[in-house]
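Novice: If you scroll down you'll find the structure; I have some questions about it.
The values are calculated or read from the model by the stated rules, or taken from the named source; none is laboratory data. All figures in this text were calculated on a predicted structure; none of them were measured in a lab. No Cβ is skipped: glycine too gets one built from the backbone with ideal geometry, and neighbour counts run over all protein chains shown. For accessibility, only protein heavy atoms count, side chains too; no ligands or nucleic acids. Shrake-Rupley method; radii C 1.70, N 1.55, O 1.52, S 1.80 Å.
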Amino acid sequence: MTDNTPQISIVIPLYNEEESLRELADWIQKVMRENDFTYEIIFVDDGSTDKSWEVIGSLSSKSKEIKGIKFKRNYGKSAALQVGFTDASGKVVITMDADLQDSPDEIPALYKMITEDGYDLVSGWKKKRYDPLSKTIPTKLFNAATRKMSGIKLNDFNCGLKAYRGNVVHAIEVYGEMHRYIPVIAKEAGFGKIGERVVQHRERKYGVTKFGLNRFINGFLDLLSIFFVGKFGKKPMHFFGTLGVIAFFIGFVILIELSIEKIFFNVGGIAERPLFFLGMLATIIGTQLFVTGFLAELVSRNSATRNNYLIEEKISL
Ligand code: UDP
Ligand code: MG
């Protein structure tokens, strides 16, 4: 390993957080010094319209550990994390919010869980939260749903404070609003050792939250996509094709049966029976599902990542 690989990279996505940045940087640097860590802090400015970027510039000019990336516009927290991850070179990567709700004092313990206890990912758990009720109640439901669907036993999926083994962040891709599900994405990528640690949470000191109530609707839809893509993304025909064939078959049998009644037994009023409509509906929907599966299969066949596999080890002659 080269000497300039820091022990810790701290990735901080931020959007209009000018008041907090200086205090946050000072606090992190104090913790790093006290523990003798080699580190880098990567501020990812997600298109702030306030003075955040100027503050980052001035912090960085005074300390070589502080780096900054600024987006041209606001792309969202996931995008900011993804770009920070790409640049993070540390053995352990820590993410935290910029609003001083997460405490840098937690970093040494998180670091230890990765390096000594062998975790791939450790997520903070804001057991005692300082957020309004309108947020904490839906969050409980959201966590329960994610727990159930992913089988990952975390109490708090969306805590901004998390620690990762360096190779984890380079193996995963966070996009859209998928930052809420990084543990799920990591698990799907094969990093199964996921832990949790109770962390202090504090009230937002400056500024306002950047996410509205629509976070819950979008969050739920994202959960569905993650599961769907994880399970069937590489073989969509298995999902749509199966349903399509079943629906078509049921419809077909119904229509054949009705035809027999009509042709051989001369039964009248076939077109007024509910079964007639059910038969038509089922064959049409079945065909549509099948075609959807076929098109999805063509799309996934063309995906640039269709053959991205994560190789753990290799023995070469
Ligand atoms: N954030 C960001 N881009 C956005 C929205 C938020 O980088 O489009 C950052 C924000 O500046 C903060 C973190 O993501 O550092 C968490 O956001 P916030 O504190 O508003 O969320 P909450 O704590 O209310 O869940
Ligand atoms: Mg916050």
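Novice: Condition (residue is in contact with a Pro (Cβ under 8 Å, 6 or more places away or on another chain), open to solvent by less than 30 Å² (accessible area, probe 1.4 Å), more than 16 Å from ligand 1 (Cβ to nearest atom) and not in a strand (DSSP E or B)) applied to region 143-151: is it met by at least one residue? Steps first, please.
Specialist: Keep residues of region 143-151 that are in contact with a Pro (Cβ under 8 Å, 6 or more places away or on another chain), which gives 150.
Checking which are open to solvent by less than 30 Å² (accessible area, probe 1.4 Å) leaves us with 150.
This time we only want the ones that are more than 16 Å from ligand 1 (Cβ to nearest atom), so: 150.
Okay, now just the ones that are also not in a strand (DSSP E or B), so 150.
Yes: one or more hits.
Novice: Could you check how many residues of region 219-244 are more than 15 Å from A296 (Cβ to Cβ) and surrounded by 14 or more Cβ atoms within 10 Å (Cβ to Cβ)? Don't jump to the end; show me each part of the working.
Specialist: Within region 219-244, the subset more than 15 Å from A296 (Cβ to Cβ) is 219-224, 226-227.
Still in the running and surrounded by 14 or more Cβ atoms within 10 Å (Cβ to Cβ): 219-220, 222-223, 226-227.
Number of matching residues: 6.
Novice: Within region 129-142, work out how many residues are within 15 Å of ligand 2 (Cβ to nearest atom) and either among the charged types (D, E, K, R) or not in a loop (DSSP other than H, G, I, E, B) (or both). Write out each step before concluding.
Specialist: Restricting attention to region 129-142, the residues satisfying the condition of being within 15 Å of ligand 2 (Cβ to nearest atom) are 129-132, 134-136, 139.
Okay, now just the ones that are also either among the charged types (D, E, K, R) or not in a loop (DSSP other than H, G, I, E, B) (or both), so 129, 131, 134-136, 139.
Summing the residues that are within 15 Å of ligand 2 (Cβ to nearest atom) and either among the charged types (D, E, K, R) or not in a loop (DSSP other than H, G, I, E, B) (or both) in region 129-142 gives 6.
Novice: Are any of the residues in region 20-36 farther than 21 Å from Q200 by Cα and in contact with a helix residue (DSSP H, G or I) (Cβ under 7 Å, 6 or more places away or on another chain)?
Specialist: No, region 20-36 has no match at all.
Novice: Let me ask another. If you go through region 190-198 one residue at a time, do you hit one that is at pLDDT below 95, out of contact with any strand residue (DSSP E or B) (no Cβ under 8 Å at 6 or more places or on another chain), more than 24 Å from L21 (Cα to Cα) and within 14 Å of ligand 1 (Cβ to nearest atom)? Please lay out each step first, then the result.
Specialist: Filtering region 190-198 for residues at pLDDT below 95 gives 190, 192.
Restricting the remaining residues to those that are out of contact with any strand residue (DSSP E or B) (no Cβ under 8 Å at 6 or more places or on another chain) gives 190, 192.
Adding the requirement that they be more than 24 Å from L21 (Cα to Cα) leaves 190, 192.
Pick out the ones that are also within 14 Å of ligand 1 (Cβ to nearest atom) and you get none.
No: zero hits.
Novice: Scan region 222-238 for residues that are assigned to a helix (DSSP H, G or I) and more than 30 Å from K77 (Cβ to Cβ) and jot them down. Steps first, answer last, please.
Specialist: If we filter region 222-238 for residues that are assigned to a helix (DSSP H, G or I), which is where we start, we get 222-232, 236-238.
Of everything in region 222-238, those that are assigned to a helix (DSSP H, G or I) and more than 30 Å from K77 (Cβ to Cβ) turn out to be M237, H238.
Novice: Of all residues in region 56-78, count the ones that are in contact (Cβ under 8 Å) with a residue 40 or more places away in the chain, open to solvent by less than 30 Å² (accessible area, probe 1.4 Å) and either more than 16 Å from ligand 2 (Cβ to nearest atom) or assigned to a helix (DSSP H, G or I) (or both).
Specialist: Number of matching residues: 2.
Novice: Another question about this same structure. Would you call E177 within 16 Å of ligand 1 (Cβ to nearest atom), in contact (Cβ under 8 Å) with a residue 40 or more places away in the chain and open to solvent by 60 Å² or more (accessible area, probe 1.4 Å)?
Specialist: Numbers: within 16 Å of ligand 1 (Cβ to nearest atom): yes; in contact (Cβ under 8 Å) with a residue 40 or more places away in the chain: yes; open to solvent by 60 Å² or more (accessible area, probe 1.4 Å): yes.
So E177 passes the test.
Novice: Let me ask you something else. Restricting attention to region 7-36, report how many residues are outside any helix (DSSP H, G or I), away from ligand 2 (no atom under 15 Å from the Cβ) and crowded, with 19+ Cβ neighbours inside 10 Å.
Specialist: Applying the first criterion (outside any helix (DSSP H, G or I)) to region 7-36 yields 7-17, 35-36.
Adding the requirement that they be away from ligand 2 (no atom under 15 Å from the Cβ) leaves 7-11, 35-36.
After this cut, where a residue has to be crowded, with 19+ Cβ neighbours inside 10 Å as well, the list is 8-11.
Matching residues across region 7-36 total 4.
Novice: While we're on this one: What number of residues in region 176-221 are among the hydrophobic types (A, V, I, L, M, F, W, C), assigned to a helix (DSSP H, G or I) and touching a helix residue (DSSP H, G or I) at 6+ places or on another chain (Cβ under 6 Å)?
Specialist: The total comes to 4.
Novice: Given the structure, is G118 out of contact with any His (no Cβ under 8 Å at 6 or more places or on another chain), more than 16 Å from ligand 2 (Cβ to nearest atom) and at positive phi?
Specialist: Working: out of contact with any His (no Cβ under 8 Å at 6 or more places or on another chain): yes; more than 16 Å from ligand 2 (Cβ to nearest atom): yes; at positive phi: yes.
Taking the combined requirement at face value, the residue satisfies it.
Novice: Also, quick follow-up: In the list V245, V229, V267, which residue meets the criterion of being within 30 Å of M178 (Cβ to Cβ) and not acidic (D, E)? Lay out the reasoning, then the answer.
Specialist: On the way: V245 fails: within 30 Å of M178 (Cβ to Cβ); V267 fails: within 30 Å of M178 (Cβ to Cβ).
Answer to the selection: V229.
Novice: Note down all Cβ pairs under 6 Å where the first residue falls in region 118-129 and is buried (at least 17 other Cβ atoms within 10 Å of the Cβ), the second is in a loop (DSSP other than H, G, I, E, B) and of a type in the set (A, V, I, L, M, F, W, C), and they're at least six residues apart or on different chains.
Specialist: Listed by first residue and then by second, the contacts come to D120/F191; S123/L154; S123/C159; G124/C159; G124/L161; G124/V199; K126/C159.
Novice: Scan region 39-55 residue by residue and report those that are open to solvent by 30 Å² or more (accessible area, probe 1.4 Å) and more than 28 Å from the chain's Cα centre (by Cα).
Specialist: Passing the criteria: K51, E54.
Novice: Looking at K162, K210, can you tell me which residue is more than 25 Å from M113 (Cβ to Cβ), within 16 Å of ligand 2 (Cβ to nearest atom) and either small (G, A, S) or in contact (Cβ under 8 Å) with a residue 24 or more places away in the chain (or both)? Please lay out each step first, then the result.
Specialist: Details: K162 fails: more than 25 Å from M113 (Cβ to Cβ).
One residue alone meets the criteria, K210.
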